[in-house]
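Report on the following structure.
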Amino acid sequence: MHHEYEEPVYLISVVAKVLTIHPQTLRQYEREGLVRPSRTDGKMRLYSQKDIDKIKMILRLTRDLRVNLAGVDIVMQLKEKIDEYEEIIESLRLEVSGLSKQNTKTKNPLVKHKNSYEIILFGE
């Protein structure tokens, strides 16, 4: 069975068991706005693999690095902003690349740099 990365497929009890945390912890993360699981018509929470990855990151930040939930929220917001900016940069690179190809008379080709980041948390 193949599921998309963002497709909600896991119940709260399954996620809690897999990550060895209490379901109440997952509910708290949702109340804090750190994760937003989908809901069934019966209001049951359904978590996607993307949600689980986000929860793993939260657990690493809180357990291993001793970051409180307010700090986790700030880290997550900054990560989302960086992701947005990287998308903008990539689209601008593609645009510049297209312009560079159109202007073959230029003796100094545009220099392309690939800057990326990765949040690496040890201890898993």
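What follows is calculated from the coordinates using simple rules that are stated; it is not laboratory data. Please read all numbers here as calculations on a predicted model, not as lab measurements. Here the Cβ is made from the backbone with ideal geometry for all residues, glycine too, and neighbour counts use every protein chain on show.
The table below gives the values:
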| read-out | value |
| --- | --- |
| Distance histogram for segment 10-102 (every C-alpha pair counted, 5 angstrom bins, percent rounded to whole numbers) | 3, 12, 19, 19, 13, 10, 8, 6, 5, 4, 2, 0 |
| Qualifying trypsin sites (Lys or Arg not before Pro) in segment 3-76, DSSP loop, other Cβ atoms within 10 Å at most 12 | LYS43, ARG66 |
